[in-house]
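Read-outs throughout are calculated quantities, based only on the coordinates presented, and are distinct from any laboratory measurement. Everything quoted here is computed from the prediction, not taken from an experiment. When we count neighbours, we look across all protein chains shown, and the Cβ atoms used for this are built from the backbone with ideal geometry, even at glycine.
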Amino acid sequence: MHKSFAISDLHFSDGRVMEIAKRPFDDIRSMDETLIYNWNQTVKEHDNVYVVGDFCLYTKHTQEIFEALNGNKFLIVGNHDLHDDRIFDLGWQWFMPYYELAYNEMNFVLFHYPILSWHHRDKGYIHLHGHTHSVNPLDDEAILPDNARWKNVSCENLDYKPLCLDVFKT
C-alpha cells in the first residue's frame with residue numbers, strides 16, 4: 001500500500017524565510033538540497049504528499065526542484081503560493097485551498113492556516129496546518145477540547161522531512 005505524507009512551509013529557494021525561521025542552513029542551495037534529499041529518503045515513487053502551503057519562492061530552478069521530488073504531489077494553497085501563478089503549473093495532481101482527506105481509516109482536514117474549529121473536529125478529524133512555522137498557536141490547552149487532534153506540519157517541526165500520516169493511527 002502506498003503511504004500518504006504531509007509537510008508545509010518548505011519555501012524552496014526563499015532566503016528571507018530561511019533567515020526569519022532561523023533554519024540551520026548556510027545558504028539557499030544547501031537548504032534546497034537538504035529538503036530534496038530528506039523528502040526523497042522518506043517518500044517513495046508512488047506515495048502521496050500533501051504540501052499544506054508555501055511550497056517555494058518561484059525561480060528558474062523551481063520546475064527542476066519539483067520534478068526531483070518523489071511521489072504524487074498535491075498542494076493545499078498557502079499565502080506565499082499566491083505570489084506567482086507559475087507555481088500552479090508545476091505538475092501538481094491538484095491544488096486547492098482546503099481539503100478533507102480519508103486515509104487508512106483516519107480523516108484529516110488540511111488547511112494552510114491553523115483554525116480553532118474544523119469540520120468534524122468532534123468526530124476525530126485531525127487538522128493539519130502550517131503557516132506559523134515553529135510557533136504552535138493551538139498549544140494552549142484552554143483553546144481546544146481534549147479530544148481535538150491537530151498537527152503543525154511546518155517543515156521546521158518535522159526535521160525538514162514529510163510526516164507519514166500513519167503516525168496518527170491509534
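Each pair of Cα atoms in the chain enters the Kirkwood radius, and Stokes-Einstein at 10 °C and 1.306 mPa s then converts it into a translational diffusion coefficient of 98 µm²/s.
For the chain, a simple Cβ point-charge model (Lys and Arg +1, Asp and Glu -1, everything else neutral) yields a dipole of about 300 debye relative to the Cα centre.
Between A102 and S117, the simple label model (points 7 Å from Cα in the Cβ direction) yields a spacing of 2.5 nm.
The angle between the Cα long axis of helix 28-42 and the main principal axis of the chain comes to about 50°, on a 0 to 90 degree scale.
Helical content of the chain, expressed as a calculated mean residue ellipticity at 222 nm, amounts to -4500 deg cm²/dmol (DSSP H runs of 4 or more residues, -39,500 (n - 2.57) each, divided by residue number, nearest 500). Toward the positive end of the charge dipole of the chain, with +1 on the Cβ of Lys and Arg and -1 on the Cβ of Asp and Glu, the farthest Cα among N70, V167, F25 is that of V167.
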